[in-house]
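The values are calculated or read from the model by the stated rules, or taken from the named source; none is laboratory data. Everything numeric in this text was worked out from a predicted model, so none of it was measured. Backbone-built Cβ (ideal geometry, glycine too); neighbour counts: all protein chains shown. Please note that ligands, DNA and RNA were not included when accessible areas were found on the heavy atoms of the full protein model with its side chains. Shrake-Rupley method; radii C 1.70, N 1.55, O 1.52, S 1.80 Å.
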Amino acid sequence: KLSSEVHPALAFFALWGAVGWLTMIEGGQGSLVGLAPVNRDLYKDSHKIAYKCSNICHKGDSLDRYLLGRQFMVVMVVFTVNMSGGPLEGAEVWGFPQVILNIFLTSGLAMILFTCMVGQLNSQVNASHHMLDYLDNYFGLFTLWVANAIEFSGLLHSSYVIQLLVGLLAGQPIESNDEPRTGIET
């Protein structure tokens, strides 16, 4: 674990950096999904960066691509949180009985609660109430670019094969929102 193999300051900053990024990943997702049906011209002048994010994400199948790349980001960031914030072997906290330490520290429950409450839930709630304001910053735009780059890399394309198989098995073909591809795009 990172928390036991490196200097505590590095583990501390890796933990809080990952949690901070997780809040943007989760809140950005809530904002982009929530803004999909909203006319972008309504906030073109008042929230310029959120408008730019919407223009990138709300064309064709771009939202689905973003969500796929974003999901891989969540896995990577939560892994970083767990590795940098995990308890040290034999850690004692305020004299708690061993059974409490086993429940919260050894099982990982404390890290799960920390990650969900600090990194995910609060940002999702805030973003659901203030979609434009949450997304109207360069950190949100950067996070969108990273998620799209992960999807573009091809690292997760096997999930599309699974999607097609499930669609075929269910008797419901997968329909694209993108325009038909021509020339070099095919």
Are any of the residues in the stretch 150-168 in a helix (DSSP H, G or I), modelled with pLDDT under 90 and touching a Lys or Arg at 6+ places or on another chain (Cβ under 6 Å)?
yes
Out of the residues in the stretch 13-37 that are touching a residue at least 24 places away in the same chain (Cβ under 8 Å) and farther than 21 Å from LEU121 by Cβ, state the one that is most open to solvent (accessible area, probe 1.4 Å).
ALA36
In the stretch 89-121, which residue that is of a type in the set (Val, Ile, Thr) and surrounded by fewer than 16 Cβ atoms within 10 Å (Cβ to Cβ) is farthest from LEU35 (Cα to Cα)?
VAL99
Working only within the stretch 3-35, note down all residues that are more than 16 Å from TYR66 (Cβ to Cβ), modelled with pLDDT of 90 or more and touching a Leu at 6+ places or on another chain (Cβ under 9 Å).
LEU10, ALA14, LEU15
Please work out which one of (1) free of Cβ contacts under 8 Å to residues at least 12 places away in the same chain; (2) under 27 Å from VAL78 (Cβ atoms) is the condition GLY167 fails and give its number.
(2)
Kindly list, by first and then second residue, each pair from a residue in the stretch 62-89 that is within 21 Å of LEU113 (Cα to Cα) and of a type outside the set (Ser, Thr, Tyr) to a residue that is open to solvent by less than 50 Å² (accessible area, probe 1.4 Å) and assigned to a loop (DSSP other than H, G, I, E, B), limited to pairs with Cβ atoms under 9 Å and residues at least 6 apart or on different chains.
GLN71/LEU156; PHE72/LEU156; ASN82/GLY108; GLY86/GLY108; PRO87/VAL93; PRO87/GLY108
From the options SER54, SER3, SER62, SER107, residue that is in contact with a Gly (Cβ under 8 Å, 6 or more places away or on another chain) and among the polar types (S, T, N, Q)
SER3
Which numbered condition trips up GLN124, out of (1) among the polar types (S, T, N, Q); (2) open to solvent by 40 Å² or more (accessible area, probe 1.4 Å); (3) more than 27 Å from LYS48 (Cα to Cα)?
(3)
Can you work out which of the residues in the stretch 127-144 that are free of Cβ contacts under 8 Å to residues at least 24 places away in the same chain and in a helix (DSSP H, G or I) is most open to solvent (accessible area, probe 1.4 Å)?
HIS129
